[in-house]
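So the structure is just underneath, and the comments pick up after that.
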Number of protein chains: 2
Amino acid sequence: MSKPLESDHGAQVGPGPAISRAEVQLRAQGLRLTPVRRRTLEILLEASGAIGAYDVLARLAADGFGSQPPVAYRALDFLVEHGLAHRLRRINAFTACSHPGETHHAAFLICRICRRVDELHAGHLRQMLVQDAHAAGFAVERTSLEASGLCADCQGQDVSDEGVE
Amino acid sequence: MSKPLESDHGAQVGPGPAISRAEVQLRAQGLRLTPVRRRTLEILLEASGAIGAYDVLARLAADGFGSQPPVAYRALDFLVEHGLAHRLRRINAFTACSHPGETHHAAFLICRICRRVDELHAGHLRQMLVQDAHAAGFAVERTSLEASGLCADCQGQDVSDEGVE
DNA sequence: AATTGACATGTAATAATATTACCATTAAAT
DNA sequence: ATTTAATGGTAATATTATTACATGTCAATT
């Protein structure tokens, strides 16, 4: 053998497909997936559920990036802005987008136990909301459609109400 | 004349109808609209739009109630819990419920300029979300359906994007 | 190759939001 | 009257987020 496999944080060889795709998508828009942004996206992708900005920050700092909040918030905001991640307002956390590229409006199902997030296509929901709003004279700019509850895996093992939200 | 009018914070005589109704509703459920809670509800009702917990706290403190965050959060949580107020997660703020009593699921239209909140009946929206979630194996417990944008009054006077959210 | 200008990153300081823990008080039920 | 549960007060702290400003990077021109 001539070329050793690189162990990239215990994951696969080279950037995961999600990262590569993100990079391509961004370049096409004249945007750059810089090292902090790339690593931030990796962190979100590696996480088992939604994570907070300060969790992201701690990992970035551990990897040699800046250790002050703006470092994380800027990268997260960038990713959210460009459809690669989502911000979950019910729990003040972030998660990688499950369907990057495809422009879509999603509703989020947030498990209050494991914090995993399922992303529902919700164009129709949003459309109804926008229309109802319009009928009320309100011009919608952005929406948050979120539900918290129990994911399939966590149902049954529900110990009354851990981490209610 | 025998009985002087009471000037209750520059408002009307005695408790406003919303307060009276809230009191009746709560008593019927064996709950109490205590002084802090009552005043908190008044504060929300007097506000021109959604206000933050710390704004509420400052007013409570000015009225002689406790000045530590739990005082406000407890009262606000109680009101939200019992359908007299809503918490808006997009902007970390609270607003009095427009339709207390009637159990309903609402969607909120939050004006990013004046912070006024319109409450849409959204039983159908929520129902769709709950069903889509169910189909995905997710058991919904609570939802947040919020939109931010411009209310009828603030459209037109839009100076690019004040207070974007 | 040097210069410029736009974008990106880093840090310090602070603001804004929210919770935990613990004690005192009040109201209601026995 | 005594007990119990609910409520309110405070201190301390945790968590989330922003502002302001300096530095650095990069690519497009001169």
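The values are calculated or read from the model by the stated rules, or taken from the named source; none is laboratory data. The structure presented is a predicted model; accordingly, all values stated were derived computationally and were not measured. Positions of Cβ are backbone-derived with ideal geometry, glycine not excepted, and every protein chain shown enters the neighbour counts. Heavy atoms of the whole protein, side chains included, go into the accessibility calculation; ligands, DNA and RNA do not. Shrake-Rupley method; radii C 1.70, N 1.55, O 1.52, S 1.80 Å.
Only a single criterion out of (1) open to solvent by 30 Å² or more (accessible area, probe 1.4 Å); (2) more than 9 Å from chain A (Cβ to nearest Cβ); (3) closer than 23 Å to A:Ala106 by Cβ is not satisfied by B:Phe108, namely (1). Pairs linking a residue in segment B:124-147 that is at the interface with chain A (Cβ under 7 Å from one of its Cβ atoms) and free of Cβ contacts under 8 Å to residues at least 24 places away in the same chain to a residue that is assigned to a strand (DSSP E or B) and of a type in the set (D, E, K, R), with Cβ atoms under 7 Å and 6 or more positions apart or on different chains, are B:Ala136/A:Asp118; B:Phe138/A:Asp118. Of the residues B:Ala85, B:Ala62, B:Ala50, the single one that is hydrophobic (A, V, I, L, M, F, W, C) and open to solvent by 30 Å² or more (accessible area, probe 1.4 Å) is B:Ala62.
Annotation note: of A:Pro100, A:Pro69, the sole residue that is open to solvent by 20 Å² or more (accessible area, probe 1.4 Å), in contact with a Leu (Cβ under 7 Å, 6 or more places away or on another chain), at pLDDT 95 or above and of a type outside the set (A, V, I, L, M) is A:Pro69. Take A:Ala122 and tell me if it is within 16 Å of DNA strand D (Cβ to nearest atom), crowded, with 17+ Cβ neighbours inside 10 Å and of a type in the set (Gly, Ala, Ser). For A:Ala122, the condition - within 16 Å of DNA strand D (Cβ to nearest atom), crowded, with 17+ Cβ neighbours inside 10 Å and of a type in the set (Gly, Ala, Ser) - is not met. Filtered by the rule that a residue be among the aliphatic types (A, V, I, L, M), away from DNA strand C (no atom under 16 Å from the Cβ) and in a loop (DSSP other than H, G, I, E, B), segment A:88-147 gives A:Ala122, A:Ala136. For segment A:32-42, the set of residues classified as open to solvent by less than 50 Å² (accessible area, probe 1.4 Å) and either at pLDDT below 95 or in contact with an Asp or Glu (Cβ under 8 Å, 6 or more places away or on another chain) (or both) consists of A:Leu33, A:Arg39, listed by residue number. Candidates are the residues of segment B:51-82 that are within 14 Å of chain A (Cβ to nearest Cβ) and more than 10 Å from DNA strand C (Cβ to nearest atom); the one that is farthest from B:Asn92 (Cα to Cα) is B:Glu81. Given the condition part of a strand (DSSP E or B) and under 29 Å from A:Gly156 (Cα atoms), answer yes or no: does some residue in segment A:66-85 qualify? Within segment A:66-85, not a single residue is part of a strand (DSSP E or B) and under 29 Å from A:Gly156 (Cα atoms).
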